[in-house]
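See below for the structure under consideration.
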């Protein structure tokens, strides 16, 4: 059975919760990712929020000062799954919350990585696993 940790391809992109919207925009562009995890200023292993490209675009469209803290326009708390959860849990959380990225944490709540809907859709083994789970649930 594939687990969420099996889909993590690279270290998560994260910034402190003290980061500004401008800091996040720069990091999104530099890292070429769609989401930045904002972590606790006192413990950088603890995710407190996520901010996506869409959140940054919305802030710009609404004339929010780019020097404002990014956490003000971020999703708090982030939607998460455990690194040991089967991948269907990740797929269900994304569907339920209508999100394209999911923060993966360990049992201590520490940031492990981020998986995207692409991670679920572009791997044949993942699709086969999801279909198998769906079949087992609904026969």
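The table below lists the values:
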| item | result |
| --- | --- |
| Residue ranges of helices (runs of 4 or more DSSP H) in region 35-124 with at least 1 members modelled with pLDDT of 95 or more | 53-61, 87-97 |
| Residue that is nearest to residue 50 (Cα to Cα), among those in region 89-100 that are in contact (Cβ under 8 Å) with a residue 60 or more places away in the chain and surrounded by fewer than 21 Cβ atoms within 10 Å (Cβ to Cβ) | 100 |
| Number of positions in region 48-88 that are surrounded by fewer than 17 Cβ atoms within 10 Å (Cβ to Cβ), within 14 Å of the chain's Cα centre (by Cα) and under 13 Å from residue 38 (Cα atoms) | 3 |
| Some residue of region 9-18 being farther than 30 Å from residue 132 by Cβ, modelled with pLDDT of 95 or more, part of a loop (DSSP other than H, G, I, E, B) and over 12 Å from the mean Cα position of the chain (by Cα) | yes |
| Boolean, residue 24 is outside any helix (DSSP H, G or I) and more than 29 Å from residue 128 (Cα to Cα) | no |
| Filtered residues of region 24-44 (kept if surrounded by fewer than 17 Cβ atoms within 10 Å (Cβ to Cβ) and closer than 22 Å to residue 119 by Cβ) | 29, 30, 31, 32, 34 |
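The values are calculated or read from the model by the stated rules, or taken from the named source; none is laboratory data. Because the structure is a prediction, the values reported are computed rather than measured. In this analysis, Cβ positions are derived from the backbone assuming ideal geometry, glycine residues included, and neighbour counts consider all displayed protein chains.
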